[in-house]
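K.L.:
One structure coming up, written as structure tokens, with questions to follow.
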Amino acid sequence: MDEGTAPAEGRSGIALASVVRFVDIAVDALAGAREEVDALNVYPVPDGDTGTNMYLTVVAARDAIRAALGEHADSPDRASEVDAPLAAMARGALLGARGNSGVILSEMLGAAARRIGAARADERNAVVMAEALQQASAASYAAVGEPVEGTMLTVMRAAAAAGTTAAGPADARSSDVLTAAAAAAREALGRTPEQLAVLAQAGVVDAGGRGLSVILDAAETVLTGRRPIPVTAPLGSHLIPVPHVGQGADELSADGPAYEVMYLLDTDDAAAPGLREQLGTLGDSVVVVGRDRLWNVHVHTDDVGAAIEAGLAVGRPHRIRVTHFAEQIAQKTALEAPAPPTLAGRRVVAVAAGPGLADLFEEAGAEVVRGGPGRRPSTGELLEAITACGAREVVVLPNDEPTIRAALAAASTAEADHGAEGLRVAVIPTHTQVQGLAAVAVHEPGRAFDQDVTEMTATARHVRHGAVTIAARQAMTMAGPCEPGDALGVIAGDFAVVGDDLGAVALVVLDRLLAAGGELVTIVSGADSAGLADRATAWVEEFHPHVDVVVYDGGQERYPLLMSVE
């Protein structure tokens with residue numbers, strides 16, 4: 001942005017040092033304004049974190065560009081000096097983006113950085129800056145599933161239009177562009193309550209728009225030295241309203257989705273439009289931003305699993321964050337006393353089909369309910385385990401398909417009886433013991449409850465599982481008829497192999513489970529395994545030497561061997 005620096009061949013005169021000063025000043029300005037912006041936050045969800053999210057996004061951008069400058073400080077090639085740090089800033093904003101406003105802001109910063117980085121020596125700085133603002137506006141509108149006027153999108157569009165007009169004269173400077181853009185942003189911000197009814201109802205301007213105005217003021221300060229206009233100063237015919245104290249969050253979002261889902265996604269760039277459309281059918285506030293196979297995905301929805309599965313369908317989601325709005329709002333605004341000390345922390349309740357399995361679950365920190373074929377726990381037993389563990393958050397692992405129904409009934413009863421004390425219960429539909437072992441292995445009490453449940457559910461769902469048993473009667477199976485005493489192989493809950501030797505059938509089951517690949521085989525030996533685990537382990541080591549094998553003594557009845565592949 002510094003026009004006093006002579007450009008190198010093929011480059012614009014916008015100096016990288018000015019960009020660095022901009023992010024520094026923007027971070028400081030947002031740090032000072034974050035509480036104000038948080039207080040303005042009533043749309044799309046009154047969760048009071050817009051200022052914080054925008055601040056953390058710009059902090060990530062600043063840290064990334066400073067780290068890149070350290071790597072390229074001694075480079076004689078000005079192109080690498082400019083391109084690498086600007087690209088790092090854009091990527092840093094993308095990776096560090098928080099919330100709806102932060103994800104949109106990351107796309108604005110990335111688009112502007114790309115335009116500045118692509119500038120030529122024969123271009124006027126004012127034109128480059130005006131086009132950077134225009135591209136930031138266009139990119140943010142394109143990233144949002146259903147753009148809403150009266151938001152930061154509207155404020156950015158007004159700023160870009162004013163900047164373009166200011167760049168028209170031949171002697172215009174980039175400082176003229178940013179001065180006009182910042183002023184237009186403040187004016188547009190004052191009009192947001194006229195465009196969005198929820199803002200008028202609450203008596204506030206848009207929080208994201210206010211945060212963006214703070215950032216544009218910071219950009220103006222870099223080039224002119226003028227400090228941002230105080231928030232109480234006139235905005236044309238408007239003043240920035242003060243939020244109405246005591247405005248009920250329930251009045252503003254009673255019918256909105258319950259969860260915010262965010263994740264980074266590794267996928268082909270061509271998949272983004274389809275994902276954006278798919279998420280639009282699951283909720284609102286959809287934002288999908290990124291490029292070069294890395295995307296930041298955001299949606300407000302009631303169906304957390306479907307939102308994550310939409311990402312799984314096109315790529316690899318990671319750094320998944322799930323926020324329950326009611327819980328978040330309660331934490332920020334509730335004045336009532338904290339939850340009774342008798343309900344605290346988080347516990348897992350797991351149904352174990354054998355003594356060895358019970359030991360495994362207990363070692364993982366779970367409360368164990370004894371079960372298994374022929375002695376499945378009742379709803380009352382599961383209810384007692386849920387309420388007796390003294391936890392405020394409980395995850396139930398039924399580990400058996402018929403037990404899932406009893407677990408769901410126990411969970412709903414427990415929440416109905418103790419919901420006023422803050423009790424929350426989630427049942428993960430684990431159909432087998434090995435699915436339960438996989439789920440409890442990724443359990444992390446330090447994570448948010450919904451995120452922990454999501455991670456455990458996803459892990460259990462992706463376990464390929466099987467078992468061997470002995471036929472007790474004549475029957476017709478998927479693999480053909482069987483007689484009493486036949487060896488049966490179970491795959492994903494169905495009898496898929498019939499034979500006369502348990503060991504041979506076990507190897508067929510393992511072979512099918514490993515057909516799609518895998519990194520870890522878990523084998524759980526039963527009460528009458530008779531060396532089956534050793535035979536299965538030796539087979540895996542011989543034919544799949546790169547696959548790890550873990551063997552446990554489960555002691556379960558009826559199933560001499562349980563197997564899973566992850």
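K.L.:
Sort through A172, A188, A162 and tell me the only one that's in contact with a helix residue (DSSP H, G or I) (Cβ under 9 Å, 6 or more places away or on another chain) and within 19 Å of I104 (Cα to Cα).
P.N.:
A188
Listed here are the residues, each with its yes/no results for (1) farther than 15 Å from V369 by Cα; (2) of a type in the set (G, A, S); (3) out of contact with any strand residue (DSSP E or B) (no Cβ under 9 Å at 6 or more places or on another chain).
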site	(1), (2), (3)
L397	no, no, no
A407	no, yes, no
A416	yes, yes, yes
G419	yes, yes, yes
V425	yes, no, no
V442	yes, no, yes
T454	yes, no, no
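K.L.:
Can we say R120 is closer than 18 Å to D217 by Cβ and open to solvent by 20 Å² or more (accessible area, probe 1.4 Å)?
P.N.:
no
K.L.:
Still on this model: Report, ordered by the first and then the second residue, all pairs with beta carbons closer than 9 Å, sequence separation of six or more or different chains, a first member in the range 270-287 that is open to solvent by less than 30 Å² (accessible area, probe 1.4 Å), and a second member that is part of a helix (DSSP H, G or I) and of a type in the set (K, R).
P.N.:
V286/R276; V287/R276
K.L.:
Applying the selection to the range 380-401, what residues are under 20 Å from P429 (Cβ atoms), more than 30 Å from the chain's Cα centre (by Cα) and surrounded by 17 or more Cβ atoms within 10 Å (Cβ to Cβ)?
P.N.:
Hits for the range 380-401 are L382, L383, A385.
K.L.:
Return the only residue of A458, A492, A515, A439 being in contact (Cβ under 8 Å) with a residue 60 or more places away in the chain, among the small types (G, A, S) and closer than 25 Å to V549 by Cβ. Reasoning before the result, please.
P.N.:
Numbers: A492 fails: in contact (Cβ under 8 Å) with a residue 60 or more places away in the chain; A515 fails: in contact (Cβ under 8 Å) with a residue 60 or more places away in the chain; A439 fails: in contact (Cβ under 8 Å) with a residue 60 or more places away in the chain.
Going through A458, A492, A515, A439 in turn, the sole match is A458.
K.L.:
Still on this structure, I have one more. Out of all the residues in the range 413-427, which are among the hydrophobic types (A, V, I, L, M, F, W, C) and at pLDDT 85 or above? Walk me through how you get there before you give the answer.
P.N.:
Taking the range 413-427 and keeping what is among the hydrophobic types (A, V, I, L, M, F, W, C), we get 414, 416, 420, 423, 425-427.
A414, L423, V425, A426, V427 - these are the residues of the range 413-427 that are among the hydrophobic types (A, V, I, L, M, F, W, C) and at pLDDT 85 or above.
K.L.:
Same structure again: When you go through (1) surrounded by fewer than 22 Cβ atoms within 10 Å (Cβ to Cβ); (2) modelled with pLDDT under 70; (3) of a type in the set (G, A, S) one by one for G32, which number turns out not to apply?
P.N.:
(2) is the only condition that G32 fails.
K.L.:
Out of all the residues in the range 186-205, which are open to solvent by less than 10 Å² (accessible area, probe 1.4 Å) and either touching a Pro at 6+ places or on another chain (Cβ under 6 Å) or not in a helix (DSSP H, G or I) (or both)? Lay out the reasoning, then the answer.
P.N.:
Filtering the range 186-205 for residues open to solvent by less than 10 Å² (accessible area, probe 1.4 Å) gives 188-190, 192, 199, 202, 204-205.
The answer is L199, V204, V205.
K.L.:
Now for a different question. Have a look at A416, A438 and point out the one that is surrounded by 17 or more Cβ atoms within 10 Å (Cβ to Cβ) and not polar (S, T, N, Q).
P.N.:
Just a single option satisfies the conditions, and that option is A438.
K.L.:
Could you give me the residue pairs with C-beta distances under 7 Å whose first residue belongs to the range 364-375 and is modelled with pLDDT under 90, whose second residue is assigned to a strand (DSSP E or B) and buried (at least 18 other Cβ atoms within 10 Å of the Cβ) wherever it lies, and which are 6+ apart or on separate chains?
P.N.:
Listed by first residue and then by second, the contacts come to G371/V351; G371/A352.
K.L.:
Right, something else. Among the residues of the range 95-112, count how many are open to solvent by less than 20 Å² (accessible area, probe 1.4 Å), hydrophobic (A, V, I, L, M, F, W, C) and over 13 Å from the mean Cα position of the chain (by Cα).
P.N.:
First pass over the range 95-112, keeping only residues open to solvent by less than 20 Å² (accessible area, probe 1.4 Å): 96-97, 99, 101-106, 108, 110-111.
Cutting the leftovers down to hydrophobic (A, V, I, L, M, F, W, C) gives us 97, 103-105, 108, 111.
Remaining after also requiring over 13 Å from the mean Cα position of the chain (by Cα): 104-105, 108, 111.
Matching residues across the range 95-112 total 4.
The values are calculated or read from the model by the stated rules, or taken from the named source; none is laboratory data. Here the structure is a predicted model, which is why all the values come from computation and not from measurement. Here the Cβ is made from the backbone with ideal geometry for all residues, glycine too, and neighbour counts use every protein chain on show. Quick note on the areas: whole protein, heavy atoms, side chains included, nothing else; ligands and nucleic acids left out. Shrake-Rupley method; radii C 1.70, N 1.55, O 1.52, S 1.80 Å.
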